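Okay, here's the structure, questions in a sec.
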Amino acid sequence: MTGKLVVVKIGTGSLVKSDGRLNLEAMKSLVGQIAKAVEKGHKVILVTSGAIAAGIAELNVKPNPNDIVFKQACAAAGQSILMSHYRELFGAYGLKVAQVLLTERDLADRTSYLHTCNVLDRLLQLGVIPIVNENDVTSINEIIPVMKGQKVNFSDNDILSVLIANATEADLIVILTTVDGVYTKSPGKPGARLIPVVEKITPELRKAGEGKSRFGRGGMKTKIQAAEIAMRSGIPLIIANGARENVLLDALEGKHVGTYFKPSEKGLPGIKRWIAYGAGAKGQIRVNEGAMRAILKGASLLAVGIESVTGRFQIGEVVSLVGPDGREFARGIANYTSEEINLIKGMNTSQIRRTLGYIRQKDVINRKRMFLREESKE
């Protein structure tokens with residue numbers, strides 16, 4: 001593989017020592033591999049953890065994993081430390097870096113999403129290494145329960161790395177962690193075997209990924225969730241041990257490292273990737289049985305098939321579609337606001353014109369701007 005775009009995610013465990021302080025030797029090794037990859041013609045986006053751990057060490061305070069605000073404060077202190085080390089380490093190879101802090105809202109809003117894509121693309125064109133991290137200081141999705149009818153899409157850098165890969169249409173995702181890959185059971189248990197290739201995410205595989213890492217938030221569970229999104233999006237993903245010598249370079253050369261997740265041959269188009277995984281659903285539309293069947297067969301959503309609306313959303317925002325049983329079966333981009341849909345639900349075209357005085361679109365959600373849950377099973 002040459003001249004490809006790769007998203008590299010480095011977990012906290014691969015960046016810190018046993019006492020929680022940054023492991024500069026480990027960082028130096030990983031940066032060196034990225035520099036060599038760039039020298040060989042690859043473009044690299046680095047998604048890094050470690051800010052909270054760096055902040056805890058800098059402030060010399062006792063970790064308090066149950067206090068979210070404490071962790072956010074540590075992230076505020078740790079971000080500059082983390083970036084200063086990356087700047088120095090990459091600078092030794094003549095490479096410049098740029099910090100990109102994101103929240104789920106940045107990727108859920110279509111305009112912000114496109115601006116993020118444009119900035120990342122320009123940085124890569126300039127030969128700069130984008131260093132991406134979740135903005136732990138302002139990200140509140142773990143503090144405040146989401147409102148009814150709303151759903152956000154990431155709270156961990158594993159998922160973020162895949163969303164970035166989707167946004168930039170990357171060729172490969174490499175998630176570096178503290179284990180050699182995904183095992184049939186916990187690596188410490190007797191009979192545990194490394195799984196070299198995964199072609200389908202099974203319940204057994206999800207069970208094998210239960211448990212969290214010592215310093216990070218996600219553990220193997222979110223890595224498998226991230227891999228599932230990548231596979232459905234048509235992007236290969238590798239989970240491997242960041243401490244393995246030349247792990248990144250070997251992965252880029254196609255050598256076997258860790259666990260390789262084989263992508264679906266029929267990856268989702270870019271707009272549907274964003275609807276399915278990048279956007280947060282801003283509201284919910286409940287449809288009747290007839291409308292649900294029609295949509296599943298390829299139709300658009302018309303007002304006549306709508307029973308109720310939950311939440312507040314604007315034109316162009318993503319909403320969740322649920323059937324009579326209340327289960328989500330699709331998502332799509334709305335052509336009308338929630339207020340407008342509340343006025344026209346159950347109406348045909350002529351009734352809509354009389355009620356609103358206009359018809360913006362014949363359909364409330366066009367089929368081309370809709371993602372069906374069953375599409376993810378293909």
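The values are calculated or read from the model by the stated rules, or taken from the named source; none is laboratory data. Everything quoted here is computed from the prediction, not taken from an experiment. All Cβ positions, glycine included, derive from the backbone under ideal geometry; neighbour counts span all protein chains shown.
Which ones in the stretch 233-243 are surrounded by 23 or more Cβ atoms within 10 Å (Cβ to Cβ) and of a type outside the set (A, V, I, L, M, F, W, C)?
S233, G242
Please state which one of K272, K266, K262 is touching a strand residue (DSSP E or B) at 6+ places or on another chain (Cβ under 6 Å) and of a type in the set (K, R).
K272
State the number of residues belonging to the stretch 225-248 that are assigned to a loop (DSSP other than H, G, I, E, B) and either touching a Gly at 6+ places or on another chain (Cβ under 9 Å) or not assigned by TED's automatic domain parsing to the domain that holds Y183 (or both).
Looking only at that region, the number is 4.
Moving on. Looking only at the stretch 65-123, count how many residues are among the polar types (S, T, N, Q), farther than 22 Å from M27 by Cα and assigned to a helix (DSSP H, G or I).
Result for the stretch 65-123: 5.
Starting from the stretch 330-344, take each residue that is free of Cβ contacts under 8 Å to residues at least 24 places away in the same chain and list its partners that are part of a helix (DSSP H, G or I), counting only C-beta distances under 6 angstrom and pairs at least six apart or across chains.
Hits for this filter: L343/T355.
Here is a further query. Inside the stretch 194-224, can you point out the residues that are surrounded by fewer than 18 Cβ atoms within 10 Å (Cβ to Cβ), in contact with a Phe, Trp or Tyr (Cβ under 9 Å, 6 or more places away or on another chain) and modelled with pLDDT under 90?
Matches in the stretch 194-224: I201 only.
R87 passes all but one of (1) in contact with a Lys or Arg (Cβ under 9 Å, 6 or more places away or on another chain); (2) surrounded by fewer than 16 Cβ atoms within 10 Å (Cβ to Cβ); (3) free of Cβ contacts under 8 Å to residues at least 40 places away in the same chain; (4) under 18 Å from P130 (Cα atoms); which number fails?
For R87, the failing item is (2).
Being buried (at least 21 other Cβ atoms within 10 Å of the Cβ) and farther than 23 Å from R110 by Cβ is the requirement here; does A330 meet it?
no
Further question on the same structure: Does V132 fit the bill of being farther than 25 Å from R110 by Cβ and at pLDDT 90 or above?
It is false that V132 is farther than 25 Å from R110 by Cβ and at pLDDT 90 or above.
Among (1) more than 24 Å from D180 (Cβ to Cβ); (2) in contact with a strand residue (DSSP E or B) (Cβ under 6 Å, 6 or more places away or on another chain); (3) among the hydrophobic types (A, V, I, L, M, F, W, C), which single condition is V7 missing?
Of everything listed in (1) more than 24 Å from D180 (Cβ to Cβ); (2) in contact with a strand residue (DSSP E or B) (Cβ under 6 Å, 6 or more places away or on another chain); (3) among the hydrophobic types (A, V, I, L, M, F, W, C), V7 misses just condition (1).
Suppose we filter G91, G50 for residues that are on the phi > 0 side of the Ramachandran plot and either assigned by TED's automatic domain parsing to the domain that holds V137 or out of contact with any strand residue (DSSP E or B) (no Cβ under 6 Å at 6 or more places or on another chain) (or both); which single one remains?
The conditions single out G50.
Go through the stretch 180-199 and give me each residue that's under 18 Å from K221 (Cβ atoms) and touching a residue at least 24 places away in the same chain (Cβ under 8 Å).
Passing the criteria: D180, G181, V182, Y183, T184, S186, L194, I195, V198.
Here's a follow-up. Report, ordered by the first and then the second residue, all pairs with beta carbons closer than 9 Å, sequence separation of six or more or different chains, a first member in the stretch 66-83 that is under 12 Å from I56 (Cβ atoms), and a second member that is assigned to a helix (DSSP H, G or I) and among the acidic types (D, E).
Filtered contacts from the stretch 66-83: C74/E58; A77/E58; G78/E58; I81/E58.
With respect to L252, determine if the residue is in the same structural domain as V197 (by TED's automatic domain parsing) and in contact with a His (Cβ under 7 Å, 6 or more places away or on another chain).
Answer is yes for this residue.
Of all the residues that make up the stretch 118-131, how many are free of Cβ contacts under 8 Å to residues at least 60 places away in the same chain and surrounded by 19 or more Cβ atoms within 10 Å (Cβ to Cβ)?
Within the stretch 118-131, residues that are free of Cβ contacts under 8 Å to residues at least 60 places away in the same chain and surrounded by 19 or more Cβ atoms within 10 Å (Cβ to Cβ) number 1.
If you take the residues in the stretch 340-357 that are loosely packed, with under 12 Cβ neighbours inside 10 Å and of a type outside the set (K, R), which one is modelled with the lowest pLDDT?
For the stretch 340-357, the residue satisfying everything is S350.
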